[in-house]
Amino acid sequence: MRTREIVCDGFSVRIQHNPGRIKSTMADVEEKAINGRPCFLCLNNLPEGQKGIFYRDLYLILCNPAPVFPSHLTISRLNHHPQAIAEHIDTLLRIAGDFGDRWTILYNGPKCGASAPDHLHFQAIPSGQMPIEKECPEEKNLTRITRVDGVYILRARDLGREIIIIEGDDPACISSVFKGILAAMKKDLHTDEEPMVSIAVFHKEERWRLLVFPRAKHRPDAFFKEGNDRVVVSPAVIEMGGVIVTPMEKDFEGLDASCVEGIYREVSLKANIVDSILASIPTL
Ligand SMILES: [Zn+2]
């Protein structure tokens, strides 16, 4: 792997040339393709030699066979069950609590980055790997929106993409605030499906911090172009966190600040929609 930094307007990203990621970056996540392939997270289809740690009776902790970071783990449900966050937010918070402050726990929505949208899974990566972890806590980059039931809701400012931050020390309250935001998104976006979100969770000194990246689309238009115009970048939570994986050397060499800013603008939910979602959260 090779990496380089790109300084954008108000934030920076790390580009990572990682040819081993080509399969997940290019993964066909359309329903037809998913239904027609054997699920690679189901026990019978795990790579030969894959070992796992049994976790809380329902999950296996696995090594990601194509890691972006050293110690890149997949936490996969034992049985085949769709990727869905509202019913599993408590599990996500519990994993973050169990793993502790040396880890960041990640979730990709089924329509915005999960390469197995049909099989519930999370990821764990060592903390401190994504540029957003340094940028987001800085006061100048945050706007405080409200406090609901002891849970703070904040919003990132001028970081090139929308981020809703949820912070608190009571997992039940965090979970209910999160579900409230998800419901507001559904209403605003007129959808019955899970609104597109990528999530990173941190747990430190008995407090949870969620970075929720509301998404407008999964892949930028340039992903679907042909020949030289094609940019093989498929933004999932790690990309939203500031590490942009480019399996192709051409993209690693060619991406610049304005391309990165453009990709974020395209795949992140527009500011005025986030305004309206946040405005509908009841304050307590
Ligand atoms: Zn499966």
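Every number in this text was worked out from the coordinates using simple rules, so none of it is lab data. All values reported here derive from a predicted model rather than from experimental measurement. Quick reminder, even Gly has a Cβ in these numbers, built from the backbone with ideal geometry, and neighbours come from all protein chains shown.
Side notes on the structure shown:
- Prolate/oblate/rounded label for the stretch 15-137 (Cα gyration tensor, a/c 1.5): rounded
- Cα-based shape type of the chain, given that a ≥ b ≥ c are square roots of the gyration tensor eigenvalues and the cut on a/c is 1.5: rounded
- Sequence of PHE223, PHE11 once ranked by neighbouring C-beta atoms within 10 Å, starting from the fewest: PHE223, PHE11
- Here is the list for the stretch 1-58: GluC sites (Glu not before Pro) lying in DSSP coil, each with at most 13 other C-beta atoms within 10 angstrom of its C-beta, are GLU30, GLU48.
- The ranking of ILE75, ILE61, ILE181 from fewest to most other beta carbons within 10 Å of each one's beta carbon is ILE61, ILE181, ILE75.
- Cβ charges +1 (Lys, Arg) and -1 (Asp, Glu), total dipole of the chain, debye: 200 debye
- Remark: LYS140, LYS23 ranked as LYS140, LYS23, counting other beta-carbon atoms within 10 Å and listing the fewest first.
- Normalised contact order of the stretch 124-238, rounded percent, pairs of Cα under 8 Å and 6 or more residues apart: 17 percent
- Gaussian network model of the chain, springs between alpha carbon atoms under 10 Å - residue of GLU249, GLU194, GLU133 with greatest fluctuation: GLU249
- The loop-placed trypsin sites (Lys or Arg not before Pro) in the stretch 229-284, going by DSSP, that have at most 12 neighbouring Cβ atoms within 10 Å of their Cβ come out as LYS270.
- The relative contact order of the chain, computed from alpha carbon pairs under 8 Å that lie at least 6 residues apart in sequence, is 22 percent.
- Sites matching GluC sites (Glu not before Pro) across the stretch 135-215 that sit in DSSP coil, with at most 14 neighbouring C-beta atoms within 10 Å: GLU138, GLU193, GLU205, GLU206
- By the rule of a second cysteine Cβ within less than 4.7 angstrom, the chain holds isolated cysteines at CYS8, CYS63, CYS112, CYS136, CYS173, CYS259.
- Rounded if a/c under 1.5, otherwise prolate or oblate - the stretch 166-241, Cα gyration tensor axes: oblate
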